[in-house]
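Okay, so here's the structure we're looking at.
The values are calculated or read from the model by the stated rules, or taken from the named source; none is laboratory data. Nothing here was measured: the structure is a model prediction, and the numbers come from that model. Every residue, glycine among them, receives a Cβ derived from its backbone with ideal geometry; neighbour counts consider all protein chains shown. Please note that ligands, DNA and RNA were not included when accessible areas were found on the heavy atoms of the full protein model with its side chains. Shrake-Rupley method; radii C 1.70, N 1.55, O 1.52, S 1.80 Å.
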Amino acid sequence: MTAINILSEQLAQVETAQKVEEPPKVEDSRSSEESHHTQKTSSSITIDLAAQDVRDVMEQQKQQSHLLTTKLNILFVVNGALLTSLTISRLIFFLSPFSIGEIIGFLMNFTLLINAFLPRQVAVSPNLEDKKFLERYLSLTPEEYQLRMMANQIATYNTNKQRLDDVSQSLTYSAYVTWVIALLMFLHMISSYFVSAT
């Protein structure tokens, strides 16, 4: 019995030593903190990337607006040149189906161009006219602020897109009418040349 008692005491001492040598659970808490920090960092990086993409799209929309303005100016110049040519040649002053079509075409065309030229309210974000801007946004965290600004910029993009689509549609119709006017002028000149030749 004495040998059994000695063995049991030795086993108890070994188990106690193993329990003492177990690593503390501090490392688990550290690893959870590190994983939480990594998650937060990746979320911030994703928000930054999304904000940059939104800014790039807004910049492309501005370039599209400048391009439409350039096309508007070109169509104004082309129609002015066509009208000047008709006035100098005095073909428009002689009543004929061609001259009637040309007058109607110029009226339609300048109406479309003026409609595209009329100023439209441009949406901006953030809207500095909003007096509660500071109260609403300065209390937010940086991530919440970026998310709110992205939502506002998306709404701004959609509003301005509708305005640009209206201008683009007017310019498209104007381009077709300009082509019809040029064709009528060409046929008018040919017909008047053959009439004067005979």
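Points worth noting:
- Flag for Asp56 being under 37 Å from the mean Cα position of the chain (by Cα), on the phi < 0 side of the Ramachandran plot and at pLDDT 85 or above: yes
- Of residues in segment 88-104 being among the polar types (S, T, N, Q) and in a helix (DSSP H, G or I), the one surrounded by the fewest Cβ atoms within 10 Å (Cβ to Cβ): Ser89
- Test: Arg55 is open to solvent by 60 Å² or more (accessible area, probe 1.4 Å) and under 27 Å from Gln162 (Cα atoms): yes
- Selection status of Ser85, among the hydroxyl-bearing types (Ser, Thr, Tyr), open to solvent by 40 Å² or more (accessible area, probe 1.4 Å) and in a helix (DSSP H, G or I): yes
- Given (1) closer than 18 Å to Tyr176 by Cα; (2) open to solvent by 50 Å² or more (accessible area, probe 1.4 Å); (3) not charged (D, E, K, R), number of the condition Asn79 does not satisfy: (2)
- Residues of segment 109-143 satisfying the condition of being open to solvent by 100 Å² or more (accessible area, probe 1.4 Å) and not polar (S, T, N, Q): Phe117, Pro119, Leu128, Glu129, Lys131, Lys132, Leu134, Glu135, Leu138, Pro142
- Per this entry, Ala175 is counted among residues that are small (Gly, Ala, Ser) and under 30 Å from Ile103 (Cα atoms).
- Among residues of segment 153-162, those that are open to solvent by 50 Å² or more (accessible area, probe 1.4 Å) and of a type in the set (Ser, Thr, Tyr), counted: 2
Rundown of residues vs (1) open to solvent by 60 Å² or more (accessible area, probe 1.4 Å); (2) among the polar types (S, T, N, Q), yes/no style:
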| residue | (1), (2) |
| --- | --- |
| Tyr145 | yes, no |
| Ala151 | no, no |
| Leu164 | no, no |
| Ser170 | no, yes |
| Thr178 | no, yes |
| Ala182 | no, no |
| Met185 | no, no |
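- Failed criterion for Asn73 (all others in (1) closer than 30 Å to Val54 by Cβ; (2) crowded, with 16+ Cβ neighbours inside 10 Å; (3) not aliphatic (A, V, I, L, M) hold): (2)
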